[in-house]
Amino acid sequence: MSYPAFNFENRLPSIRVTKDFLGALERYLLKKVVEVGMVDEDKALSCIEIKIEDSLGSERLSSISQFESSRFSDSTSRIEIEFERPYIGDGKRLKIRLNFTKNRLFTSLAISASAPNARELVLGLRDGILRTIEPQNTWHWIFHPNAAISGLIFGGGVILGVQMFRIGPTDPSQLFVTGGFIFVWIYLFLLGAWFPYTGFDSKSAERAGKIFNWLLTGVATFLVFGTLFTMLRRPLLGF
């Protein structure tokens with residue numbers, strides 16, 4: 001028997017992946033595929049595979065509960081969760097794949113189904129998965145713009161670099177031009193690596209967050225006491 005087919009694929013938001021989150025996602029998928037009648041409850045777990053990749057290799061699990069550590073290794077670069085309904089000859093098909101990677105380009109959700117209500121099934125699963133993911137959202141996407149925006153920022157950095165050599169060292173705008181040039185290149189080549197699009201719960205990620213908060217506090221202190229106070233000193237104190 002042939003059923004209507006529907007496919008969906010899109011990029012996932014920037015999130016923080018923890019073991020507890022993967023457990024919640026796994027439970028949602030198992031519950032949902034049973035509810036929609038795609039697989040029996042006693043066979044659902046055998047249809048899921050979780051793959052964790054780091055610098056040492058890749059590990060395959062049938063459940064995140066098999067992962068013994070409470071955190072991922074510092075070199076974790078990709079986690080994939082896949083559910084695929086086994087072929088049983090009734091014409092129905094369902095495949096769900098979530099890719100969590102440090103690279104924005106390859107972080108995706110793909111769902112394909114053949115069923116009487118394929119479109120409603122796929123879009124309902126999409127919405128439920130995104131609701132499960134939502135509490136894990138982060139602001140790391142700021143450091144991972146699309147190609148068009150990256151090109152504009154790169155062009156702005158080139159213009160600032162040329163301008164640095166065109167204006168003299170005593171020009172009042174030199175400080176702002178130099179500061180802007182440095183910020184552009186730090187943004188493009190350092191912050192994205194420091195804060196990957198998908199963050200995996202690890203000791204190195206925790207250290208990076210603490211260092212960033214320390215730097216942010218230092219910059220804020222400098223702006224307040226080194227710049228703002230200097231500007232207000234004369235009007236307030238008279239010297």
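The values are calculated or read from the model by the stated rules, or taken from the named source; none is laboratory data. Keep in mind that this is a model prediction, so the values were computed, not measured. No Cβ is skipped: glycine too gets one built from the backbone with ideal geometry, and neighbour counts run over all protein chains shown. Only protein heavy atoms, including side chains, enter the accessible area calculation; ligands, DNA and RNA are left aside. Shrake-Rupley method; radii C 1.70, N 1.55, O 1.52, S 1.80 Å.
Taking the listed residues LEU61, LEU45, the one that is closer than 30 Å to ASN117 by Cβ and not aromatic (Phe, Trp, Tyr) is LEU45, with no other qualifying. For the stretch 59-67, state whether one or more residues are open to solvent by 50 Å² or more (accessible area, probe 1.4 Å), without any contact (Cβ under 8 Å) to a residue 24 or more places away in the chain, under 17 Å from ASN99 (Cα atoms) and not in a helix (DSSP H, G or I). Yes, some residue in the stretch 59-67 is open to solvent by 50 Å² or more (accessible area, probe 1.4 Å), without any contact (Cβ under 8 Å) to a residue 24 or more places away in the chain, under 17 Å from ASN99 (Cα atoms) and not in a helix (DSSP H, G or I). Taken together, SER73, SER65, SER108 contain a single residue that is over 16 Å from ARG16 (Cβ atoms), over 15 Å from the mean Cα position of the chain (by Cα) and hydroxyl-bearing (Ser, Thr, Tyr), which is SER65. The residue that is farthest from ASN146 (Cα to Cα), among those in the stretch 80-135 that are open to solvent by less than 60 Å² (accessible area, probe 1.4 Å) and among the polar types (S, T, N, Q), is SER114. Residues that are of a type in the set (Lys, Arg), at negative phi and touching a residue at least 40 places away in the same chain (Cβ under 8 Å) occur at least once in the stretch 105-124. For the stretch 1-58, a residue qualifies if it is within 15 Å of ARG97 (Cα to Cα) and in a strand (DSSP E or B), and the qualifying residues are PHE6, ASN7, PHE8, GLU9, ASN10, ARG11, ILE48, GLU49, ILE50, LYS51, ILE52.
Under the condition of being in a helix (DSSP H, G or I) and either acidic (Asp, Glu) or surrounded by fewer than 15 Cβ atoms within 10 Å (Cβ to Cβ) (or both), the residues counted in the stretch 142-152 number 7. The set of residues in the stretch 7-49 being among the hydrophobic types (A, V, I, L, M, F, W, C), in contact with a Ser or Thr (Cβ under 7 Å, 6 or more places away or on another chain) and open to solvent by less than 50 Å² (accessible area, probe 1.4 Å) consists of LEU12, ILE15, VAL17, ALA24, LEU25, ILE48. Filtered by the rule that a residue be within 20 Å of LEU121 (Cα to Cα) and part of a loop (DSSP other than H, G, I, E, B), the stretch 68-95 gives ARG85, PRO86, TYR87, ILE88, GLY89, ASP90, GLY91, LYS92.
Filtering the stretch 130-150 to residues that are aliphatic (A, V, I, L, M) and within 15 Å of the chain's Cα centre (by Cα) leaves LEU130, ILE133, ILE142.
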